[in-house]
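Let me begin by presenting the structure, written as structure tokens, before commenting on it.
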Amino acid sequence: MFAKVSSLGLFGLNAFPVDVEIDISRGQPYFEIDGLTDTVIKESRDRIRAAMRSCGINFPVASVMVNLAPADMKKSGSVHDTAIFMAILRAMRMIDDVPEDAAFIGELSLNGDVRRVNGVLPMVMLARENGIKSVFVPEANAREASVIAGINVYAVRSAEQLILHFRGEEPMTPCEHYIPPEAAYNETLDFADVRGQQSAKKALEIAAAGGHNALLIGAPGSGKSMLAKRMPSILPPLTFEEALETTKIHSISGLLDPDTPIITKRPFRSPHHTISSAGLAGGGSIPQPGEISLAHNGLLFLDELAEFDRRTLEIMRQPLEDRKVTIARASGTITYPCTIMLIGAMNPCPCGYYGHPKRKCICSPKKVSAYLSKISGPLLDRFDLHIDVAPVEYDDLSAKTSEESSAEIRRRVMAAREIQAERFRGTDITCNALITPDKLREMCPMDDGAEAMMKSVFDSLGLSARAYDRILKVARTIADLNNSEVITRRHVAAAAQYRSLDRKYWHE
Ligand SMILES: Nc1ncnc2c1ncn2[C@@H]1O[C@H](COP(=O)(O)OP(=O)(O)OP(=O)(O)O)[C@@H](O)[C@H]1O
Ligand SMILES: [Mg+2]
């Protein structure tokens, strides 16, 4: 007896349809699943057998052949458990019918419970595109699935519940469509807590306004970590498309909170400096997204940048430029997006006081240069703004006046973002940092003074072509913050001033 049931699989961020075909015939008792890796098959067989027993059904004493198509796509076994289970029941004629436009995803536990799986959001999105009308998902994933409108989502608790539904004894009702809350600002911490540090705050405002990468460098206790952690509070809210994209990545990583199935706040990821290359950029035998992709559409903060393994940092170079990470495996190439703002923070030397206006640095010049050389030239080049964080002045710390709040800074950031939205209408570009080389001239018009300034900066700083582009984009953002369509000499000078660290620390 033959039966066919639909399921869904996942390869990287992309879902694909899976057909579970089953044939039960008389003969030697036998249970084989084709289309899965060997180790997964055994576990899957054991779970399905046990789940059937828990529902009081004897596994057929017959030759049971399951085929998961397409054969050439690598499948993680557990997600197809409920589909295989349904196919067996159908082939045994224990249920009348399984509609062709229904799909099943979920892992069975030995006692017949249906367990959560990763990647439900992209799978349900694909199901809807492919004309599937109903999806049966684990209850723990149901809210995530019901973000997608136009498809019936059934929350399944147990294998038994599926049987009762399809026998018409206890039909389930589809979940209500989940309407996500309005996109929110990520404002757990406020810039008002940081006393003084006006120039560092101004620089971070520019970074937020244009989506530029920034490196904070300064003595211990000057407030670098404090400043960086407040960045999310001045970034614009996620658009719905951005929220969906970011949620997909968290969905396949199994990091979604069952109660808040869609991420509405810009991600802020701050991995520890002991992180591995795979943890940062993505990888593993079943390639998982790394921190750089979990921060997609948000911020990746690398505190104590010089403490990270140098090779680990270097791996980020290409993804930072391409805005995607490509992981090659025998089973194919997986690509994860990583459009991020990178914020780094570090001391200038091992003791932390190199370049300090009052305290003496105790490191030898050799030690200082060894410390700084952990950040390679090409990586440094990717930081558009080098922010020198000076020690906090006593007067600032003890002042009674209140500091500007994140909400006030955000107002200016949002005004600059609106100008950008107008500029990039009809393109994929979302902020100045993402202007593509072919649009650079047209979108960053300079007056004569600015052109002359750019030339002199380029020559005197010995800049790379990449640095030139990046300075121009920062100047574009500074001009936007000042509501100026054309980039002037003043804007270029201000932008170039943020490249001062390579001179001060690296090329002395
Ligand atoms: N500008 C400031 N206003 C108010 N408090 C500050 C400021 N700067 C530092 N502090 C206080 O000092 C503490 C340490 O600051 P923070 O951790 O940000 O320093 P850091 O520059 O990251 O130092 P390190 O180089 O050691 O990592 C903060 O938790 C805060 O209490
Ligand atoms: Mg710190």
Spans of helices (runs of 4 or more DSSP H) in region 362-455 with at least 2 residues within 16 Å of ligand 2 (Cβ to nearest atom) and out of contact with any Leu (no Cβ under 7 Å at 6 or more places or on another chain) = none
inquiry  = Quick check on my filter: what residues within region 204-235 are more than 16 Å from ligand 2 (Cβ to nearest atom) and either in a loop (DSSP other than H, G, I, E, B) or surrounded by 24 or more Cβ atoms within 10 Å (Cβ to Cβ) (or both)?
reply    = Ile206, Ala207, Ala208, Ala209, Gly210, Gly211, His212, Asn213, Ile234, Leu235
ask   = Can you tell me which residue in region 33-59 is most open to solvent (accessible area, probe 1.4 Å), limited to those that are in contact with a Ser or Thr (Cβ under 8 Å, 6 or more places away or on another chain) and of a type in the set (D, E, K, R)?
value = Glu43
request  = Could you grab me the full set of residues in region 304-347 that are assigned to a loop (DSSP other than H, G, I, E, B) and within 16 Å of ligand 1 (Cβ to nearest atom)?
outcome  = Glu304, Phe308, Asn347
inquiry  = Can you tell me which condition Ser364 does not meet? The list is (1) more than 32 Å from the chain's Cα centre (by Cα); (2) open to solvent by less than 20 Å² (accessible area, probe 1.4 Å), and all the others hold.
reply    = (2)
task = Report, by residue number, each residue of region 272-303 that is without any contact (Cβ under 8 Å) to a residue 60 or more places away in the chain, assigned to a loop (DSSP other than H, G, I, E, B) and either surrounded by fewer than 20 Cβ atoms within 10 Å (Cβ to Cβ) or outside the structural domain of Ala328 (by TED's automatic domain parsing) (or both).
result = His272, His273, Thr274, Ile275, Ser276, Gly284, Ser285
task = Can you confirm whether region 242-251 contains a residue that is within 16 Å of ligand 2 (Cβ to nearest atom) and at pLDDT 90 or above?
result = no
inquiry  = Being under 18 Å from the mean Cα position of the chain (by Cα), farther than 20 Å from Ser405 by Cβ and of a type in the set (A, V, I, L, M) is the filter here; which residues of region 201-243 pass it?
reply    = Leu238, Ala243
query = Quick one: what pairs do we get from region 217-236, first residue in contact (Cβ under 8 Å) with a residue 12 or more places away in the chain, second near ligand 2 (Cβ under 9 Å from one of its atoms) and in a helix (DSSP H, G or I), C-beta under 9 Å, 6+ apart or different chains?
reply = Ile217/Lys224; Gly218/Lys224
note = For region 186-222, the count of residues that are modelled with pLDDT under 95, touching a Leu at 6+ places or on another chain (Cβ under 9 Å) and on the phi > 0 side of the Ramachandran plot equals 2
key: Residue pairs meeting the criteria (Cβ under 9 Å; at least 6 apart or on separate chains; first touching a residue at least 24 places away in the same chain (Cβ under 8 Å), in region 346-362; second within 12 Å of ligand 1 (Cβ to nearest atom) and among the β-branched types (Val, Ile, Thr))   = Met346/Ile217; Asn347/Ile217; Pro348/Ile217; Gly355/Ile217
note = Checked pairs for region 193-207, first polar (S, T, N, Q), second open to solvent by 20 Å² or more (accessible area, probe 1.4 Å), C-beta under 7 Å and 6 or more apart or across chains, list as Gln197/Val392
request  = Kindly indicate whether Cys338 is out of contact with any helix residue (DSSP H, G or I) (no Cβ under 6 Å at 6 or more places or on another chain) and open to solvent by less than 50 Å² (accessible area, probe 1.4 Å).
outcome  = no
Enumerated strands (runs of 3 or more DSSP E) restricted to region 64-183, each holding at least 2 residues that are surrounded by fewer than 24 Cβ atoms within 10 Å (Cβ to Cβ) and free of Cβ contacts under 8 Å to residues at least 40 places away in the same chain = 152-156
message = If Ser7 satisfies all but one of (1) open to solvent by 70 Å² or more (accessible area, probe 1.4 Å); (2) within 16 Å of Val137 (Cα to Cα); (3) among the hydroxyl-bearing types (Ser, Thr, Tyr), what's the number of the condition it fails?
response = (1)
Residue, farthest from Arg382 (Cα to Cα), within region 190-201, restricted to residues that are out of contact with any Gly (no Cβ under 9 Å at 6 or more places or on another chain) and buried (at least 17 other Cβ atoms within 10 Å of the Cβ) = Phe191
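The values are calculated or read from the model by the stated rules, or taken from the named source; none is laboratory data. All figures in this text were calculated on a predicted structure; none of them were measured in a lab. We place every Cβ from the backbone using ideal geometry, glycine too, and count neighbours over all the protein chains shown. Note: areas computed on protein heavy atoms with side chains; ligands, DNA, RNA excluded. Shrake-Rupley method; radii C 1.70, N 1.55, O 1.52, S 1.80 Å.
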